[in-house]
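K.L.:
Okay, handing you the structure first.
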Amino acid sequence: KGSAMKDSPYAIARVWPGLWIGNVAAALQPPVPVTALLNVAAERDLDAPRCLYHKIPIVDGLPIPQEQLREAVCWIHRHLPRHRILLFCNAGVRRAPSVAVGYLCCFAGMSFGQAVEHVARQKPHITLVPELICTVDAVRKQLAKAGSTEPR
């Protein structure tokens, strides 16, 4: 039961149609459905990714800067229609789930509480970055203000 790939040693979890969260080990050998990688770990990089790859260097343990969260959720939104994305950080427990929560708030119409609960149901034992609710709220307001001028 659930959407975590139990037979995978990397324990990735599908948190939205076409969007998985996981760790760097999963990104090194992405499962078959994944066609794009979004790396949100400042301290990690992939040498020769075999699919679409983007890195947003988010530092662990600190609040995510608004610009970085906005870049991440917009990148997911822009590529999700055509790609199946693995959103990953070093351990897959803090930054990747936090960005997934931000995406669900900004583009899936969920409240912060709904998004946290949704992600935690799919991937238990997550920890959110500090001040995430404030950052998500600010990014959501920026996107609403930008309206149709937001790059997709």
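The values are calculated or read from the model by the stated rules, or taken from the named source; none is laboratory data. Fair warning: this is a prediction, and the values are worked out from it, not measured in the lab. Counting neighbours? That spans all protein chains shown, and the Cβs are built from the backbone with ideal geometry, glycine included.
K.L.:
Quick check on VAL93: is it crowded, with 16+ Cβ neighbours inside 10 Å, of a type in the set (Val, Ile, Thr) and more than 25 Å from ALA26 (Cβ to Cβ)?
P.N.:
no
K.L.:
Restricting attention to the stretch 25-55, which residues are touching a residue at least 24 places away in the same chain (Cβ under 8 Å) and either crowded, with 20+ Cβ neighbours inside 10 Å or among the acidic types (Asp, Glu) (or both)?
P.N.:
Once the filter is applied, which keeps residues that are touching a residue at least 24 places away in the same chain (Cβ under 8 Å) and either crowded, with 20+ Cβ neighbours inside 10 Å or among the acidic types (Asp, Glu) (or both), the stretch 25-55 yields ALA26, ALA27, PRO30, VAL34, ALA36, LEU37, LEU38, ASN39, VAL40, ALA41, GLU43.
K.L.:
Still on this structure, I have one more. Tell me the helices (runs of 4 or more DSSP H) entirely within the stretch 95-152 that contain at least 3 residues that are more than 18 Å from LEU38 (Cα to Cα).
P.N.:
112-122, 132-146
K.L.:
Any residue at all in the stretch 134-143 that's under 18 Å from HIS54 (Cβ atoms) and modelled with pLDDT of 95 or more? Working first, answer last.
P.N.:
Just the residues of the stretch 134-143 that are under 18 Å from HIS54 (Cβ atoms), to begin with: 139.
Still in the running and modelled with pLDDT of 95 or more: 139.
Among the residues of the stretch 134-143, at least one is under 18 Å from HIS54 (Cβ atoms) and modelled with pLDDT of 95 or more, which makes the answer yes.
K.L.:
Report yes if ILE133 is free of Cβ contacts under 8 Å to residues at least 40 places away in the same chain, of a type in the set (A, V, I, L, M, F, W, C) and surrounded by fewer than 18 Cβ atoms within 10 Å (Cβ to Cβ), otherwise no.
P.N.:
The answer is yes for ILE133.
Residue by residue, here is whether (1) in contact with a Ser or Thr (Cβ under 9 Å, 6 or more places away or on another chain); (2) assigned to a strand (DSSP E or B); (3) at positive phi holds:
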{"position": "TRP20", "(1), (2), (3)": "yes, yes, no"}
{"position": "LEU37", "(1), (2), (3)": "no, yes, no"}
{"position": "ALA41", "(1), (2), (3)": "no, no, no"}
{"position": "ASP47", "(1), (2), (3)": "no, no, no"}
{"position": "PRO57", "(1), (2), (3)": "no, no, no"}
{"position": "LEU69", "(1), (2), (3)": "yes, no, no"}
{"position": "ARG78", "(1), (2), (3)": "no, no, no"}
{"position": "PRO81", "(1), (2), (3)": "no, no, no"}
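K.L.:
Out of (1) at pLDDT 95 or above; (2) assigned to a loop (DSSP other than H, G, I, E, B); (3) closer than 20 Å to ILE133 by Cα, what's the single condition that is false for GLY61?
P.N.:
(1)
K.L.:
Quick check on the stretch 1-24: of everything there that is surrounded by fewer than 23 Cβ atoms within 10 Å (Cβ to Cβ) and closer than 14 Å to ASN90 by Cα, which residue is modelled with the lowest pLDDT?
P.N.:
Per the stated criteria, the residue is TYR10.
K.L.:
Taking GLY92, is it within 13 Å of the chain's Cα centre (by Cα) and at positive phi?
P.N.:
So GLY92 fits the description; yes.
K.L.:
Which of the following residues is free of Cβ contacts under 8 Å to residues at least 40 places away in the same chain and not aliphatic (A, V, I, L, M): GLY109, GLY18, GLY92?
P.N.:
Exactly one of GLY109, GLY18, GLY92 is free of Cβ contacts under 8 Å to residues at least 40 places away in the same chain and not aliphatic (A, V, I, L, M), namely GLY109.
K.L.:
Scan the stretch 76-86 and give yes if some residue there is surrounded by fewer than 18 Cβ atoms within 10 Å (Cβ to Cβ) and at pLDDT below 95, otherwise no.
P.N.:
Among the residues of the stretch 76-86, at least one is surrounded by fewer than 18 Cβ atoms within 10 Å (Cβ to Cβ) and at pLDDT below 95, which makes the answer yes.
K.L.:
Can you find, within the stretch 98-124, the residue that is modelled with the lowest pLDDT among those that are of a type outside the set (Gly, Ala, Ser) and surrounded by fewer than 16 Cβ atoms within 10 Å (Cβ to Cβ)?
P.N.:
Per the stated criteria, the residue is PRO124.
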